[in-house]
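*Asks:* Attaching a single structure in structure tokens format; questions to follow.
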Amino acid sequence: MLKKTVAVAASITLAATVFVATSDNPVEAAAPVLMGVHDDVAPKDLGKRYPGVRATREFVNGVQPVKTDLRKKYAGVAQASWDAGLIPFVSIKTAPAATGAGKYDVRFRELAVWLKERPDTYFIWYHEPENDMDGPAFAKAFKRVRDVMKAANPQVKVGYSAMAFQWDGEPRTKDPKPWRVEADFYGADTYSGGTQPATAIVSEHAGHMRWYRELVQKTPGAAAKWGLTERGFKRTKSDQARADEIDRETAYLDQLPAGARPAFYLYWNTKGTEGDPDLVNGPKARAAVARMVGKLG
């Protein structure tokens with residue numbers, strides 16, 4: 001869960017020019033977005049609240065020791081989503097230096113082989129790494145994890161989930177080059193509110209947009225497989241105000257041409273590890289998320 005959030009208001013008209021379409025045909029129909037929600041209802045009931053939802057966001061808590069069987073940890077958080085016919089995005093953290101040194105190779109190889117026989121899923125190694133390590137340390141460990149897992153299971157999806165806050169003037173991302181790793185998908189955990197105004201949609205979020213410009217647009221292949229691994233709002237004036245911002249974000253994303261839309265979008269609607277009730281939507285904002293799922297998915 002994000003420890004700090006940031007949102008900087010800007011013109012939607014100007015910001016819209018930053019998302020660049022990769023398609024040669026500007027009138028080509030945009031592909032549906034893989035829409036997911038992290039919510040306090042069980043995965044089996046998620047579709048009742050958000051008709052058309054297809055994905056969830058799950059976490060194995062804490063940094064896992066070398067002896068941990070990652071298959072059991074993964075199953076523990078993903079199985080309910082699989083049983084409900086949903087696609088879980090699952091985060092696991094292991095010690096970065098030991099991971100880069102190969103001490104977890106056996107565990108990640110076991111996990112990759114095990115995932116061959118499981119339903120669809122997206123695996124995230126160490127979400128929001130910018131909060132805990134520098135770019136070179138992340139790149140070394142991430143490459144090690146992905147190389148080991150892809151050798152054992154070429155179809156496995158191993159992705160990088162960034163902390164958007166850290167891309168707005170924070171020192172660990174001053175040099176973006178080390179963060180441009182080869183991955184199967186690229187996500188950002190992007191929250192509006194906190195120490196800044198809560199009105200920013202994604203195109204107006206300074207940290208998110210710098211990540212998009214410096215990471216997505218400058219990493220080969222990333223433009224076709226980026227998305228929001230967490231998206232939330234806090235400190236909005238009212239439930240209706242938050243609903244309005246969510247509807248505005250839906251409209252913005254819906255008008256993007258083919259090749260510019262995110263491939264996936266996972267909305268955050270729980271208190272999170274910080275126990276922050278302000279992240280939880282009221283009925284109007286929750287209905288706006290349902291409209292977004294129906295419109296974009």
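*Asks:* Just need the relative contact order of the range 114-201 here, percent rounded to a whole number, with Cα pairs under 8 Å and 6+ apart. Can you show the working numbers first?
*Replies:* Details: 107 pairs, mean separation 29.7, N = 88.
Result for the range 114-201 is 34 percent.
*Asks:* By a straight-distance test (C-alpha under 17 Å), which aspartates and glutamates pair with LYS103 as possible cross-link partners, with residues fewer than eight away in the same chain excluded?
*Replies:* Reachable aspartates and glutamates: ASP69, ASP147.
*Asks:* Checking the cross-link filter: which aspartates and glutamates have an alpha carbon closer than 13 Å to that of LYS44, excluding same-chain neighbours under 8 positions apart?
*Replies:* List returned: ASP83.
*Asks:* Placing unit charges on C-beta atoms (Lys and Arg positive, Asp and Glu negative, everything else neutral), compute the dipole magnitude of the range 189-261 about its Cα centre in debye, rounded to 20.
*Replies:* On the way: 11 positive and 10 negative charges, 49 e Å.
Taking the Cα centre of the range 189-261 as origin, the dipole is about 240 debye.
*Asks:* Next question, about the same structure. Would you mind pulling out the separation of the Cα centroids of the range 58-98 and the range 171-203, in Å?
*Replies:* The distance from the Cα centre of the range 58-98 to that of the range 171-203 comes to 23 Å.
*Asks:* In addition: With only Lys, Arg, Asp and Glu charged, each at its Cβ (+1 for the first two, -1 for the last two), find how big the charge dipole of the chain is about the Cα centre; round to the nearest 20 debye.
*Replies:* Result for the chain is approximately 580 debye, rounded to the nearest 20.
*Asks:* Now for a separate question. Among [x] 182; [y] 150; [z] 119, find the value of volume of the Cα convex hull per residue in Å³ that was calculated from the structure presented, and write down its label.
*Replies:* [z]
*Asks:* State, as an integer percentage, the relative contact order of the chain based on alpha-carbon contacts under 8 Å between residues 6 or more apart.
*Replies:* Over the chain, the number comes to 27 percent.
*Asks:* Next question, about the same structure. Using modelled backbone amide H atoms (1.01 Å from N, in-plane), which distant-in-sequence or interchain residues come within less than 5 Å of GLU128's amide H?
*Replies:* Long-range HN contacts for GLU128: SER161, ALA162, MET163.
*Asks:* Quick one: Cα centre-to-centre distance for the range 225-297 and the range 118-153, in angstrom?
*Replies:* Between the Cα centre of the range 225-297 and that of the range 118-153, the gap is 26 Å.
*Asks:* Kindly write out, for the range 177-185 in residue order, the coupling ³J(HN,Hα) from the Karplus curve 6.51 cos²θ - 1.76 cosθ + 1.60 (θ = phi - 60°), rounded to whole Hz, with x marking Gly and Pro.
*Replies:* 4, x, 7, 7, 7, 7, 9, 8, 7
*Asks:* Moving to a separate point now. In whole Hz, with x marking every Gly and Pro, tabulate ³J(HN,Hα) for the range 261-275 from phi via Karplus 6.51 cos²θ - 1.76 cosθ + 1.60, θ = phi - 60°.
*Replies:* 5, x, 7, 8, 8, 10, 7, 9, 9, 9, 5, x, 5, 8, x
*Asks:* Continuing with the same structure: Each residue of the range 55-64 in turn: what ³J(HN,Hα) in whole Hz from Karplus with 6.51, -1.76, 1.60 and θ = phi - 60°, glycine and Pro shown as x?
*Replies:* 9, 9, 10, 10, 9, 9, 6, x, 7, 7
Just so you know, all these numbers are worked out from the coordinates, no wet-lab data involved. Here the structure is a predicted model, which is why all the values come from computation and not from measurement. Cβ: placed from backbone, ideal geometry, glycine included. Neighbour counts: every protein chain shown.
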